[in-house]
Amino acid sequence: MSLTKPAQEPHRFGAPPPAVVKPHSIFTVSAAGEKLGLPVACVQTIFRISRITPIPLGPPEVVGLANLRGKIVTAVSLRRRLGLPDSVTHEGAVAIGIEHRGESFALLVDEVGDVTSVEEASRISAPATLSPARLAVTTAVFRLENGILSVLDMDAILDFVRARAGASRS
């Protein structure tokens with residue numbers, strides 16, 4: 001009885017099969033005309049905000065509280081979180097329902113796009129024009145046929161303590 005491992009049989013076509021790299025599924029949204037990506041796994045629903053109750057002394061990116069099918073959710077302005085010019089009104093805005101660390105959020109965006117698949121080979125280094133604040137909330141940048149797509153880090157987007165610390169250093 002031999003204790004050595006049997007030699008691996010060569011792949012029947014000679015070379016071993018290539019590793020399969022699945023494309024990334026990204027949900028696209030826009031804020032202030034900029035196309036951005038959210039990981040598909042974090043998107044639960046898309047809805048319109050009918051009414052927002054402001055939260056006095058809350059973080060500036062938190063617009064207030066909203067009702068999502070009987071559940072109270074924290075409404076967060078993606079524009080404010082990214083330091084982009086704010087929209088005039090938030091009532092009637094499109095929101096992405098997100099469950100994050102046991103809390104429910106409504107991420108207010110200007111428009112929703114489609115789910116797109118991006119290949120790992122289309123990942124690029126972050127452009128030099130991307131500010132340090134934007135880099136802090138971006139997990140990846142991909143080259144598309146019509147531009148680039150920054151994929152947002154939902155942990156960083158919804159980390160208001162870090163957001164306030166970064167704003168106080170500016």
note = In segment 36-70, anything in contact with a Ser or Thr (Cβ under 6 Å, 6 or more places away or on another chain) and farther than 14 Å from LEU108 by Cα is listed as VAL40
task = Residues being touching a residue at least 60 places away in the same chain (Cβ under 8 Å) and under 22 Å from SER50 (Cα atoms): count how many of those fall in segment 108-136.
result = 5
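Taking the stated definitions as given, is THR116 at pLDDT below 90 and among the hydroxyl-bearing types (Ser, Thr, Tyr)?
Working: at pLDDT below 90: no; among the hydroxyl-bearing types (Ser, Thr, Tyr): yes.
In short, no.
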query = Among (1) at negative phi; (2) surrounded by 16 or more Cβ atoms within 10 Å (Cβ to Cβ), where does GLY58 come up short?
reply = (2)
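Looking only at residues in segment 17-54 that are more than 19 Å from the chain's Cα centre (by Cα) and touching a residue at least 12 places away in the same chain (Cβ under 8 Å), which one is most open to solvent (accessible area, probe 1.4 Å)?
First, pick out the residues of segment 17-54 that are more than 19 Å from the chain's Cα centre (by Cα): 17-21, 49-54.
Then keep just the ones that are touching a residue at least 12 places away in the same chain (Cβ under 8 Å); that gives 21, 49-53.
Numbers: VAL21: 92, ILE49: 4, SER50: 97, ARG51: 164, ILE52: 20, THR53: 69 Å².
My answer is ARG51.
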ask   = So which residues in segment 99-119 are open to solvent by less than 20 Å² (accessible area, probe 1.4 Å) and aliphatic (A, V, I, L, M), if there are any at all?
value = ALA106, LEU107, LEU108, VAL109, VAL118
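Would segment 72-89 turn up any residue that is among the small types (Gly, Ala, Ser), under 16 Å from PRO39 (Cα atoms) and modelled with pLDDT of 90 or more?
Going residue by residue through segment 72-89, those that are among the small types (Gly, Ala, Ser) are 75, 77, 83, 87.
Next cut, under 16 Å from PRO39 (Cα atoms) only: none.
Within segment 72-89, not a single residue is among the small types (Gly, Ala, Ser), under 16 Å from PRO39 (Cα atoms) and modelled with pLDDT of 90 or more.
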inquiry  = LEU135 - would you say it is within 28 Å of VAL62 (Cα to Cα) and modelled with pLDDT of 95 or more?
reply    = no
ask   = over 19 Å from LEU36 (Cβ atoms), over 15 Å from the mean Cα position of the chain (by Cα), in a loop (DSSP other than H, G, I, E, B) and of a type outside the set (Val, Ile, Thr): does that describe GLY64?
value = no
query = Looking only at residues in segment 70-85 that are outside any strand (DSSP E or B) and touching a strand residue (DSSP E or B) at 6+ places or on another chain (Cβ under 8 Å), which one is least open to solvent (accessible area, probe 1.4 Å)?
reply = LEU78
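The values are calculated or read from the model by the stated rules, or taken from the named source; none is laboratory data. Source: prediction; values computed, not measured. No Cβ is skipped: glycine too gets one built from the backbone with ideal geometry, and neighbour counts run over all protein chains shown. SASA here: full protein model, heavy atoms, side chains in, ligands and nucleic acids out. Shrake-Rupley method; radii C 1.70, N 1.55, O 1.52, S 1.80 Å.
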